[in-house]
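What follows is a set of notes on a single structure, which appears directly below.
The values are calculated or read from the model by the stated rules, or taken from the named source; none is laboratory data. Predicted model, so just to flag it, every value in this text is computed and none were measured. Positions of Cβ are generated from backbone atoms using ideal geometry, with glycine treated the same way; all protein chains shown enter the neighbour counts. Ligands, DNA and RNA are excluded from the accessible area calculation, which covers all protein heavy atoms including side chains. Shrake-Rupley method; radii C 1.70, N 1.55, O 1.52, S 1.80 Å.
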Amino acid sequence: MECAVLSDPRNAAKIVRLHFHDCFVQGCDGSVLLDDTITLQGEKSATPNVDSLKGFEIIDSIKNKVESDCPGVVSCADILAIAARDSTVLVGGPDWEMYLGRKDSKTASYELANSNLPVPSEGILPIITKFLYQGLSVTDMVALSGSHTIGVARCQNYRARIYGDYTVTADQSTASESYLNDLRASCPAAGGDDDTVAPMDNVTPNLFDNSYYQILLRGEGLLNSDQEMYSSFLGVQTKQLVLQYAHDPLAFFHQFAQSMVAMGNITNAVDGGEVRRSCRFVNT
């Protein structure tokens, strides 16, 4: 992970997001890593994942090294959980201890990937509901959203925001207007350039810190789902948490670590699991 992050700091965000998208579908079981086969439809082509979920080759590389030294022992799910933690540390974020011994799923769920994962266009209540369904709290939701401090978003996912209520929530400063004009210049309202990306934290995009929450205080969140946590009249609790984390980075780091442990403990209650030899395919 150190090599991957040194070559491109964005790799840290890719791995953290992979872990999140894994745990919200069948638990943290490596199901998101499975490729489609004749007998299995994976999760990679689900709407929240297609063309945006990346970092698979990094996990493949780690798995190959682990298998060469310690074959058949360390699951892809554990590798992904550890890599997400190490990615966070490597870009300045907190460290945490986690339990190990996860098993890799023999199945995946395209359907659950489409229904369980939050999407940028959603309002605050549906997103809270999806976290509660996983056994995670509103506090977990706001803290885990802080991982967007090192992520990017595709034009397709923030177009509606920058041509919609962005001007309503953001202050009318010259800097804010200039930032919005830059976003619109690379993400046209009429469509096209869907794969153009912009950092969700445009201040320190490669550093894990609390500036993401400070951006929300200014009303400049790139995604609707992020800004809703502070600006929605329904987000009484979430607004207070955004304020707290914007002003207290240590509180954010502490809660983020706790919430990552909680998320990493979501288990697959149905599939007995295995330790895959390849993260992309079940054992035969």
Does Arg276 satisfy the condition of being farther than 30 Å from Gly92 by Cα and of a type in the set (Lys, Arg)? yes
Failed item in (1) without any contact (Cβ under 8 Å) to a residue 60 or more places away in the chain; (2) outside any helix (DSSP H, G or I), with Pro126 passing the rest: (2)
Restricting the first residue to the stretch 3-24 and requiring it to be touching a residue at least 40 places away in the same chain (Cβ under 8 Å) and under 17 Å from Asp95 (Cα atoms), which pairs with a second residue that is open to solvent by 50 Å² or more (accessible area, probe 1.4 Å) and in a helix (DSSP H, G or I) meet a Cβ separation below 7 Å and a spacing of at least six or different chains? Val5/Leu90; Ala12/Leu90
Of Arg154, Arg184, which residue is touching a residue at least 24 places away in the same chain (Cβ under 8 Å) and under 25 Å from the mean Cα position of the chain (by Cα)? Arg154
Is at least one residue of the stretch 211-229 touching a residue at least 12 places away in the same chain (Cβ under 8 Å), more than 29 Å from Ser109 (Cβ to Cβ), of a type outside the set (Asp, Glu) and in contact with a His (Cβ under 7 Å, 6 or more places away or on another chain)? yes
Residue tally, condition surrounded by fewer than 21 Cβ atoms within 10 Å (Cβ to Cβ) and of a type outside the set (Gly, Ala, Ser), over the stretch 102-112: 5
Which of (1) open to solvent by less than 10 Å² (accessible area, probe 1.4 Å); (2) touching a Gly at 6+ places or on another chain (Cβ under 9 Å) does Leu136 not meet, given it meets every other one? (2)
Single residue of the stretch 191-215 satisfying the filter (of a type in the set (Asp, Glu) and farther than 15 Å from Asp51 by Cα) that is most open to solvent (accessible area, probe 1.4 Å): Asp209
Failed criterion for Tyr99 (all others in (1) surrounded by fewer than 18 Cβ atoms within 10 Å (Cβ to Cβ); (2) modelled with pLDDT under 95; (3) closer than 28 Å to Ile215 by Cβ hold): (3)
